[in-house]
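What follows is a set of notes on a single structure, which appears directly below.
Bear in mind that the values in this text are calculations on the coordinates, not laboratory data. Note that this is a predicted model, so its numbers are computed, not measured. Cβ placement follows ideal geometry from the backbone for every residue including glycine, while neighbour counts extend to all protein chains displayed.
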Amino acid sequence: MRSDNSEVHQSALDTLLTTAGLRGERTIRAGFAGAATPGNGRRTVFDCQNGRLLPSAVVARSEDGPASTDDAVNRAFNGLGTTHDFYHEVFNRDSIDDRGMRLDGYVHFSVQYNNAFWDGQQMVFGDGDGKVFTDFTGSLDVIAHELTHGVTENTAGLAYHDQPGALNESASDVFGSLVKQWSLKQSAEEADWLIGPDVFTPGIEADALRSMKAPGQAYDNALFGKDPQPDHMSRFVHLPNSERGDNGGVHINSGIPNKAFYLTAAGIGGFAWEAAGAIWYEALKASSAETQFQDFANTTYHKAEDLYGADSTEKAAVLAAWHEVGIQISGVPTGIARVRSRAAHRNGSTGSADGLAALSKQIGVLTTQVTGLAKDVAALKGKK
């Protein structure tokens, strides 16, 4: 349902159109040789003073300088630093490009600009229009989401269309949420799993931009309509690879891998950036430009085994999570995934040590039985 407030609706429409163009610019700028400037992850925040030309912005805070009197400058500076520290401390990654890329942020971009974005070289923040959106420097998970686009560009290089593009957006949501959880020291159970809960003004009835725990339920209001994200492959949204089609639904279908990550983290329990985050990070590094959902699911499953073992709780959690969103891991009998998923439901996916240990044992027994049957069949064939 469209908003009756034409001014607000037009503002939202203008932002969508502008952002679509900036996404294309981000791809071009990221492709320039030498685009990333080495600098030991040093931060500099510039003030655009409501202009749109970044070279005209003035330095507002540097790594060695004092805090600013402008809260937006300080929030941007701190958000860049927290995201940098997360990647360094959790994954031993040296800034966005893993080569010490400096982190430049630009605040007060344009007038009443309703977004924040990574353009391939730097982070840019709008102030919001005060009617729909607030200052985007106030949302750490949005800052980390955008910076993670830079990490993806420098690892998998996931193409920005269809399933690879949805994985690109999902990776940014996953690590954007993990940065927030890490900064707050929240467990998977304590986290809100919302992306951008701080960006809407109090007058907008919306929990957040997206919900990883419950895709499709982040908002339902007159301005934006109902959250269109699916949480299962049976509800995958087929859209054209165009601006109007959200490049094949990259922001919509990302709900499916988002839900898979949430389920994995909830199934393992504890801090999500540890086991679940490590699995997704290794899978991202092992992916390529045209990786599809099925490919990525398979990779997370194998990375879980590489990191934690063939009979691990972590591997079982990954298997059950993808099964829950309608993706069967290649080469794994459907029955095993189904049993793991049902067992997880019986235990509430709480990640309790006793429950998950029992589940892992059950999976191990089933796997042994399947292996034994395969050997028997091979033996019978050999006797013919």
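The shape of the stretch 229-312 comes out prolate: with a ≥ b ≥ c from the C-alpha gyration tensor, a/c is at least 1.5 and a/b beats b/c. For LYS131, a cut-off of 19 angstrom between C-alpha atoms picks up these aspartates and glutamates, skipping any fewer than 8 places away in its own chain: ASP4, GLU7, ASP14, ASP198, GLU205, ASP207, ASP220. A Förster distance of 56 Å, applied to the separation of the beta-carbon atoms of GLU63 and ASP220, puts the FRET efficiency at 0.85. Per-residue 3J(HN,Hα) values for the stretch 234-246, derived from phi via the Karplus relation 6.51 cos²θ - 1.76 cosθ + 1.60 with θ = phi - 60°, read 5, 10, 3, 9, 8, 10, x, 7, 8, 4, 5, x, 6 Hz in sequence order (x marks Gly and Pro). Straight-distance candidates among the aspartates and glutamates for linking to LYS185, with alpha-carbon spacing under 16 Å and chain neighbours fewer than 8 residues away dropped: ASP85, GLU89, ASP141, GLU274. Rounded to the nearest 20 debye, the dipole size of the stretch 64-108 about its Cα centre is 60 debye, using +1 on the Cβ of Lys and Arg and -1 on the Cβ of Asp and Glu. Averaging Cα coordinates gives a centre for the stretch 40-81 and one for the stretch 134-179; these two points are 21 Å apart. For the residue pairs LYS213/LYS315; LYS259/LYS315; LYS226/LYS315, alpha carbon separations beyond 23 Å are given by LYS226/LYS315. Annotation: extensible slack from THR334 through ARG235 equals 33.6 nm (criterion: 0.36 nm per residue apart, minus Cα-Cα distance). Three principal axis extents describe the C-alpha atoms of the stretch 75-186; from largest down they are 38, 33, 28 Å. Each of HIS302, HIS145 has some number of other Cβ atoms within 10 Å of its Cβ, and from fewest to most they run HIS302, HIS145.
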